[in-house]
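The values are calculated or read from the model by the stated rules, or taken from the named source; none is laboratory data. This one's a predicted model, so the numbers in the text were calculated from it and none came from an experiment. Neighbour counts are summed over all protein chains in view; Cβ atoms, including those assigned to glycine, are modelled from backbone coordinates with ideal geometry.
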Amino acid sequence: MTTNFIPKRPHKKSRGGCHTCKTRKVKCDEAQPICSFCDKRNLKCVYPTRQERPKLSTPEPGTSAGPSRDTSPLGDDEAMEFALTAELIVPPWTPPPALITSSGSLSLSDMRLLHHWSTLTAPNLAIGQAANQTLQLVVPQLAFENDFLLNGILGVASLDLERLNSNSEDYQKQTVLYRAKAVADFRRALTQVIPGTRSYEAALVMSILLVVLYSPEIPTNEDELVIIKWLIFYGGLRVVINMTDFPTVVMPGSVGPFFMRELTELKIGPVVPKILVSMLQEVDIMDPDFLMLEQYCKVLDALGILYASLKQDGLGPALYIRVVSWCSYIDKEFTDCATQRPRAIIIMAYYLVFIKLTKLWWLNFADRDITRIVKSLGPRWLPYLEVPLQASMMTDKDEIAAMLLR
């Protein structure tokens, strides 16, 4: 049986089809300006541009006649097709956009500190989940719009890294740098802050972060107390707060949870230590403290709230948040006295005992301040400092709490 083979009609392979048909492996009718396949499917029809083939050149004597590094193994049409296909599959690379703030893009060091702030520092900085979520989510957004707050949170993150690293000299220098930038920018910004704006909210947060930034710093002067810096910084916060109606403007705002001063309602009255009451009862009319008795009594009532909270709530967030916010109740008149009047300093020594009860990583100065107070006041006032002095020698928080409630 003989089989008759029908020869396939020879044809020249077309290289003029559009790029879309070639990538989809369909026959292109090469209609201009758009082929039928692309026209029916509303596709982009791109024809390769024909270029004149380069002329062969005779190699110079002594050189290799092989292809150079720039010579393509593909023909013109194939090279064009490859380039267009690669463009569709892998778009041209562009660097990722930098994180832009009000002062420009962040450095790599800034980015690392910002990551540390969001993951470790902010969730452990304040009291209560709502406050920490505000620091973690809301405050960075405000910081990108306000340089002073950005440098503030980067400084606090660097301060946290000091605590976590045994060799922290580099972090100490870094913290000082960010803190200096934050303070300088904050002073300039305060002259232009408008109440009710996001910059105003940033200024409120920065006022508290300054307390954090300066708390762990060891004073160079032996008589200088960190707690006095606290009173001064809280005085600055009070100035910012008084720029507007705090309960109706700040508390309902985005940073309101960060400024809560209590988590529970106190159902018992202030409990003031008898020894402090007797200390004020001894003040006679000729004593310089006589004119300050009203202020002293107000501060003792505020201190009595901490004793009442310890008795009602025990050691926990309800007490801690009252301890941290306590200085916000203190007037400027008492702050002036606390820098030089022994009775005012003694009251602050009792407050330092409550500072020691808290569990915030940046509150670690109570023992140092109590020791300096005892040393600076001398034997005359030692009987009134027995409780703070004993607390400074104790490490168990439950035992300190039990001593305060005796």
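Count, please, the residues in region 23-37 that happen to be in a loop (DSSP other than H, G, I, E, B) and either under 59 Å from the mean Cα position of the chain (by Cα) or among the hydrophobic types (A, V, I, L, M, F, W, C) (or both).
The number of residues fulfilling the criteria is 7.
Looking at G235 and the list (1) of a type outside the set (D, E, K, R); (2) in the same structural domain as V324 (by TED's automatic domain parsing); (3) within 21 Å of T339 (Cα to Cα), which single condition is not satisfied?
(2)
State which residue pairs qualify: first residue touching a residue at least 12 places away in the same chain (Cβ under 8 Å) and within 26 Å of V323 (Cβ to Cβ) and inside region 111-140, second residue surrounded by 15 or more Cβ atoms within 10 Å (Cβ to Cβ) and among the basic types (K, R) in any location, beta carbons under 6 Å apart, and separation of 6 or more residues or different chains.
That search, which allows pairs on different chains as well, returns nothing.
On the basis of being closer than 22 Å to K229 by Cα and modelled with pLDDT under 90, does D245 make the cut?
Judged against the criteria, D245 is not a match.
Being assigned by TED's automatic domain parsing to the domain that holds P123, modelled with pLDDT of 90 or more and hydroxyl-bearing (S, T, Y): is that true of S278 here? Show your work before the answer.
Working: assigned by TED's automatic domain parsing to the domain that holds P123: no; modelled with pLDDT of 90 or more: yes; hydroxyl-bearing (S, T, Y): yes.
For S278, the condition - assigned by TED's automatic domain parsing to the domain that holds P123, modelled with pLDDT of 90 or more and hydroxyl-bearing (S, T, Y) - is not met.
What residue, among those in region 149-202 that are of a type in the set (V, I, T) and over 16 Å from E217 (Cβ atoms), is surrounded by the fewest Cβ atoms within 10 Å (Cβ to Cβ)?
T191
Mind checking which residues of region 316-351 are among the β-branched types (V, I, T) and in a helix (DSSP H, G or I)?
I321, V323, V324, T335, I345, I346, I347
This table checks each residue for (1) polar (S, T, N, Q); (2) in contact (Cβ under 8 Å) with a residue 60 or more places away in the chain; (3) closer than 18 Å to V299 by Cα.
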residue	(1), (2), (3)
Y350	no, yes, yes
F365	no, yes, no
W381	no, no, no
L385	no, no, yes
L389	no, no, no
M393	no, no, no
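Given the conditions (1) under 9 Å from the mean Cα position of the chain (by Cα); (2) over 21 Å from V211 (Cβ atoms), report the number of the one that V139 does not fulfil.
It is condition (2) that V139 fails.
Would you mind stating whether R380 is charged (D, E, K, R), assigned to a helix (DSSP H, G or I) and under 21 Å from S215 (Cα atoms)?
Answer is no for this residue.
Determine if region 162-172 includes at least one residue that is of a type in the set (A, V, I, L, M, F, W, C), within 17 Å of W362 (Cα to Cα), modelled with pLDDT under 90 and not assigned by TED's automatic domain parsing to the domain that holds A366.
First pass over region 162-172, keeping only residues of a type in the set (A, V, I, L, M, F, W, C): 164.
From the residues that got through so far, the ones that are within 17 Å of W362 (Cα to Cα) too are 164.
Within this subset, residues satisfying the condition of being modelled with pLDDT under 90 are 164.
Filter once more, keeping what is not assigned by TED's automatic domain parsing to the domain that holds A366: 164.
Checking region 162-172: at least one residue is of a type in the set (A, V, I, L, M, F, W, C), within 17 Å of W362 (Cα to Cα), modelled with pLDDT under 90 and not assigned by TED's automatic domain parsing to the domain that holds A366.
Restricting attention to region 354-377, and to residues there that are assigned to a helix (DSSP H, G or I) and of a type in the set (A, V, I, L, M), which single residue is farthest from A344 (Cα to Cα)?
So the residue we want is L357.
Out of the residues in region 353-373 that are in contact with a Pro (Cβ under 8 Å, 6 or more places away or on another chain) and buried (at least 18 other Cβ atoms within 10 Å of the Cβ), state the one that is nearest to K229 (Cα to Cα).
Keep residues of region 353-373 that are in contact with a Pro (Cβ under 8 Å, 6 or more places away or on another chain), which gives 353, 362, 364-365, 370, 373.
Retained after the next criterion (residues that are buried (at least 18 other Cβ atoms within 10 Å of the Cβ)): 353, 362, 365, 370, 373.
Values: V353: 17, W362: 14, F365: 12, I370: 15, I373: 14 Å.
The qualifying residue nearest to K229 (Cα to Cα) is F365.
Return the only residue of R198, R179 being over 30 Å from D367 (Cα atoms) and not assigned by TED's automatic domain parsing to the domain that holds F365.
R198
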